[in-house]
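Provided herewith is a single structure, encoded as structure tokens, for subsequent inquiry.
Where a number appears in this text, it was derived from the coordinates with a stated rule and is not lab data. Since we're looking at a predicted model, the values are computed, not measured. Methodologically, a virtual Cβ is constructed for each residue, glycine included, from the backbone with ideal geometry; neighbour enumeration extends over all protein chains shown.
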Amino acid sequence: MVAAPPYHVPLPHLTKDSWRDEAAKKRDQLASLIPAEWQLSPEALDAAGDDVRGLAASSGILSDRELDITELDEVQELASRIAKGTYTAVEVTTAFCKRAAIAQQLTNCLTEIFFDDALEQAKKLDDVLKSTGKPVGPLHGVPVSLKDQFDIAGKELTMGYVSYLGRISKRDSALVALLRDAGAVFHVRTNVPQTLMIGDTFNHLFGRTHNPINRKLSPGGSSGGEGALIAMKGSILGVGTDIGGSVRIPSAFCGLHTIRPSTRRVPYGLATNSMLGQEAILSVPGPMARSLASCTYFSRIVFGLAAKYDATALPFKFDDAAFETAKKHDKLSFGVIRTDLVVTPTPPVKRALDLAVQKLRDAGHEVLEFDWSDFTGAWEVACELYDADGGEDFRRTLAAIDEPLIEGLIIDPNGLRTTYEVWQINRTKEALQQAFLDRWMASQAQTSTGRPFDGLLCPAAPIPAPRPLGNKHVGYTAMFNLLDAPCTVFPVTKVDPAVDKPDSAFKALTEVDQQIHDEFDSTLTAGLPVALQVVGQRWRDEEVLAVGQIVADIVGSQKWEQ
């Protein structure tokens, strides 16, 4: 009988007395993989300010041509240029490796570096194109970064746990195999928080990742390493995962675009994860990029092939007809969720939502209020399911070497639920999913289009990027994990202290609402991106990508800094 593999057992040299030294060795090893000629001078590092995105261009490490390559935002355009011979895979890979090296030195966003392997793979791809005249696949020669969950055969993967040091993957995870066959080149993996269950990025092995727009602040999490790397243009396309907002929060905080797909549309098989076997709220992989079109390009490639690589994935190809139909509607109708009734959006988030609503109306679309009051329990239900093992999964992983739980995470043994109790929570989840569907379909009676809402518009988070440990509420994203609704995220505007002043009429909804209100600082967060979500119906990802692109274009998501 085939059985699930055991949890990783820490290697003998890892003990409660040695793990800190072993972690330091791992960090030193990672630093040694950056070539000397790609290292920033001590003077440059000392002079670097809070916003470090421009340092790659001023460092002299990249040539003008390499800067041009890495400044591209569209994955499809880059793949096309490689396929046509405008660029070679080797020069593209070299450019992104250099920029990833710079990103690491400034933001601490990487966990593994594969520069030599990436250049070797790129050369093979160039040889294939030269000999056959045809690219290997739609990602031929495109460097793709991976969150530190996606196993690559023969490579170490730690997922933010010191306890996992020395864990060598025996085979490629399903998504890695799919992307490799599509021609992708893997050059780095990116940092995560220990356990993955916090909207920030830090652990005892690699330390804290910083937001490159303001290094005093968090890039979000748990895919925060991806967020920092892509914002630094050390990758044009990355893959994160999302169980409570983990691709959407870092995309929002770092000015990126993403989709949290419906469950099982993107293969997750054979990847490393926390809480293995927990299936009440499934984590999903999702692309992160500097344009929503790049996320659509990724989805076109992956959706149709997922089931060939992963036994748990759905065999649904990308539905071009649904995508094109959604784009052709002259008038769209949106529901708007202004608050989750747990935490009030801070002034810049409220302004971004008002701005998007007005721009949609000015463009001829319809925006109607969506009453969230029947769904306020979604956040609490999600938390009950996340905590249903009473923290046993984390305890087992940490206990062998007495690795401390990171600050901000609390293991609550009182959260432990019996199997029967979990079943009842699942029944509540399904009731919420049904009520959400019923409310959505009933909107047909409200809209002027004769259709139910084409999407819901709401904040991606109640705040822009906060100080470390300041991301205290992920309900705006986690509620849609519970409902399994696909969501796109894109930046809309930036924080402006001149207009984003405290609301004198503010009344806290909850204790955490008061904390977030008190901690928000528009001066500290000045210039940071402010993002929104467009939410779609379950397994209708193509429609939410199409509708999300329309909204992103109307609000000018790729020009959010202007």
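Assign unit charges at the C-beta atoms only (+1 for Lys and Arg, -1 for Asp and Glu), then state the dipole size of the chain relative to its Cα centre in Debye, rounded to the nearest 20.
Numbers: 57 positive and 72 negative charges, 203 e Å.
The dipole magnitude comes to about 980 debye.
Could I ask something else about it? From the C-alpha coordinates alone, can you work out the Kirkwood hydrodynamic radius of the stretch 403-562, in Å?
The Cα-based Kirkwood calculation yields 18.6 Å.
With the calculation restricted to Cα positions, what are the radius of gyration and Dmax of the chain in angstrom?
Rg and Dmax of the chain, Cα atoms, are 22.4, 69 Å.
Please report the relative contact order for the chain, taking Cα pairs under 8 Å with a sequence separation of at least 6, and give it as a percent rounded to a whole number.
Once normalised by length, the contact order is 15 percent.
Rounded to a whole number, what is D in µm²/s for the stretch 209-274 from Stokes-Einstein with the Kirkwood radius over alpha-carbon pairs (20 °C, 1.002 mPa s)?
Using the Kirkwood radius from Cα pairs, D works out to 177 µm²/s.
While we're looking at this one, here's another question. Of Ser131, Gln76, Val92, which is farthest on the positive side of the dipole of the stretch 62-144, counting Cα position, with +1 on Lys and Arg Cβ, -1 on Asp and Glu Cβ, and the Cα centre as origin?
Checked the options; the winner is Ser131.
Something else about it: Report, by chain and number, residues whose modeled amide H sits under 5 Å from the one on Val336, excluding near sequence neighbours (fewer than 5 apart, same chain).
For Val336, whose amide H was placed from the backbone, the distant partners under 5 Å are Leu368, Glu369, Phe370, Leu457.
While we're looking at this one, here's another question. Can you work out the Karplus-derived ³J(HN,Hα) for every residue in the stretch 157-169? Use 6.51 cos²θ - 1.76 cosθ + 1.60 with θ = phi - 60°, whole Hz, and x for glycine or proline.
Karplus-based 3J(HN,Hα) across the stretch 157-169 equals 9, 10, 6, x, 9, 4, 4, 8, 3, x, 7, 9, 5 Hz.
What list of ³J(HN,Hα) couplings, whole Hz, do you get for the stretch 331-341 from phi and the Karplus terms 6.51, -1.76, 1.60, once you set θ to phi - 60° and write x for glycine and proline?
In residue order, the calculated couplings are 10, 10, 10, 10, x, 10, 9, 8, 8, 8, 6 Hz.
Shifting gears a bit: Using the 2.2 N^0.38 Å rule of thumb for compact globular proteins, work out how the stretch 384-431 stacks up: its C-alpha Rg over that value, please.
1.35
What GluC sites (Glu not before Pro) does the stretch 373-408 have in DSSP loop regions with at most 16 other beta carbons within 10 Å?
The qualifying sites are Glu407.
Summing Lys, Arg as +1 and Asp, Glu as -1, what charge do residues with Cβ under 15 Å from the Cβ of Arg467 carry, Arg467 excluded?
Here the charged neighbours net out to -2.
While we're looking at this one, here's another question. What is the pair-distance distribution P(r) of the stretch 1-111, computed from all Cα-Cα distances in 5 Å bins starting at 0, with each bin given as a whole percent?
Bins of 5 Å from zero give 2, 9, 16, 15, 14, 11, 9, 9, 8, 5, 1, 0, 0 percent of pairs.
Across the Cα atoms of the stretch 313-388, what radius of gyration and what greatest pairwise Cα-Cα distance (Dmax) are found, in Å?
Cα-based Rg and Dmax for the stretch 313-388 come out at 17.1, 46 Å.
Let me ask something else. How about the stretch 196-268: which trypsin sites (Lys or Arg not before Pro) there lie in a loop by DSSP and see at most 14 other Cβ atoms within 10 Å? Don't skip to the end; give the middle numbers.
Working: sites: Arg208, Arg215, Lys216, Lys233, Arg248, Arg264, Arg265; in loops: Arg215, Lys216, Lys233, Arg264, Arg265.
Hits after loop and neighbour filter: Lys216.
Return the whole-Å distance between the Cα centroid of the stretch 298-312 and the Cα centroid of the stretch 1-38.
31 Å
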